[in-house]
Structures are given as structure tokens and as C-alpha cells.
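The values are calculated or read from the model by the stated rules, or taken from the named source; none is laboratory data. None of the values given here were measured: they were computed from a predicted structure. Positions of Cβ are generated from backbone atoms using ideal geometry, with glycine treated the same way; all protein chains shown enter the neighbour counts.
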Amino acid sequence: MDYSYYFPIWKKLTPEQQNLISENILYRSVKKGTRLHNGSTECTGLFLIQSGQLRAYILSDKGHEITLYRLFDMDICLFSASCIMRSIQFEITIEAEKDTTLWLIPPEIYKKIMEESAPAANYTNEIMASRFSEVMWLIEQIMWKSLDKRVAAFLLNEASIEHTRQLKTTHESIARHLGTHREVVTRMLRYFQDENMVKLSRGTIEIIDEQRLKALDDDE
């Protein structure tokens, strides 16, 4: 399948707009760990993800990371082209969590199409609203949920993404996602292990009692 399949409004564009994208779109294949976008100083362009997994995160003044959202097959990454929105500046970093293939629409090309096409402008607004909802949800989690619930939710979400209870991750990686310290995550995971909810080994966390983790996550 070509890039048109991954761009939901493709058929709503004019032939001229479709040709403009076709003449300028770039195909990229990146390895896990590649940084694709680095804060508001860059304006990389619009990503159409063919396959793989990207992570969007922010970095505090003290160097702590926290994951805002992730992007998967057939997702579109808009904030990597945030410069096309004059009043919005995002210090978001985007990196590949897995080997990823994607198409890149240069920002000046997408901006031109967005200015000409009502469907493109509306779709852009929909993406922005969706991402802001995810960020607001994250803020609510940080403000109102204790860390044990957030760690439980993270483990369950990872199991859902990877389709396995054997999670290949580290305490440091979880800390980066949640915006906390590795030592805090380690203490929480050891508590989960003492309660027979998980089993810890080097580089692996095995979920033993998924129902208790769910109950912990759901408990208000």
C-alpha cells in the first residue's frame, strides 16, 4: 500500500494537491532509538506512520522525561510540524520506540494544502483536539492518581500493546515514561512482586496477576 492509504483525507484533496504531496513526500526507515524531532527549534514535517512505534515526550529543566502519547501503525504525527501553527510552540521530542517506517510531508507543503483545503484544515484540528485530550488525560493522572496506580496502568497498557505479559522493559524506561525517578519505580515494582502481582528479572517484568493490577488501577 502506498502513502495515500495512510492519509485519511487523500480522496478529499484536489488532483493538484495530491500531485503536490506526491512530488515532495519522503519515505524514511529509522531504527529504534532514532530521534526524529527535537523540540520547537525544529519543524520536521508531518509523519504518516506505515509501521512501527513512536514516542512523544517532554523534558523538564532537570532532565526528567515524561511520555505525552505514543504513535502506532497508520497514525499521523502533527506536532512534528508545529511551526505551521503560528501561535503554538511545543517543546516535544519524538523518537522511535521500535524500528519504524514512515512518510514525511514537508511542513511548507502541508501548510499550503491546509490553507487551501477545508478537509485538510478540519482534519488537522481533529488531530490537535485528540492530542490535547491525551495530554489533559495525562495531567489528570499525574495530579490525581498515586504512583502505584500509574505504574499498574502502565504495565497493563504495555501488555496490551505488546500482546504479552512478558514485558521487555527496564525500571529506567518506566521512570522516563512516567516522569519520575528510577528508584521510585524500583520500590513500587518490588512491592508488586512482594504482593505476587509481577515477577521481576533482568530486563523483564512478567505480569503474574493481571486482575489485581486492574483492580488497583480502577480503585479510586
Can you confirm whether Thr100 is touching a strand residue (DSSP E or B) at 6+ places or on another chain (Cβ under 7 Å), surrounded by 20 or more Cβ atoms within 10 Å (Cβ to Cβ), among the β-branched types (Val, Ile, Thr) and within 30 Å of Gln17 (Cα to Cα)? yes
Going through the range 34-57 in order, the residues found to be assigned to a strand (DSSP E or B), closer than 23 Å to Leu178 by Cα and modelled with pLDDT of 90 or more are Arg35, Leu36, Leu54, Arg55, Ala56, Tyr57
Look through the range 85-97, keep the residues that are in contact with a Ser or Thr (Cβ under 9 Å, 6 or more places away or on another chain) and at pLDDT 90 or above, and return whichever of them is surrounded by the fewest Cβ atoms within 10 Å (Cβ to Cβ). Glu95
Within the range 87-206, which strands (runs of 3 or more DSSP E) (wholly inside it) include 1 or more residues that are without any contact (Cβ under 8 Å) to a residue 24 or more places away in the chain and not assigned by TED's automatic domain parsing to the domain that holds Leu54? 198-201
Hits in the range 12-56 (condition: in contact with a Leu (Cβ under 9 Å, 6 or more places away or on another chain) and basic (Lys, Arg)): Arg28, Arg55
I'd like the full set of residues that are surrounded by 15 or more Cβ atoms within 10 Å (Cβ to Cβ) and not aromatic (Phe, Trp, Tyr), limited to the range 188-198. Met188, Leu189, Gln193, Met197, Val198
Would you mind finding the one in Ser29, Ser60 that is under 25 Å from Leu138 (Cα atoms) and either surrounded by 18 or more Cβ atoms within 10 Å (Cβ to Cβ) or in contact (Cβ under 8 Å) with a residue 60 or more places away in the chain (or both)? Ser60
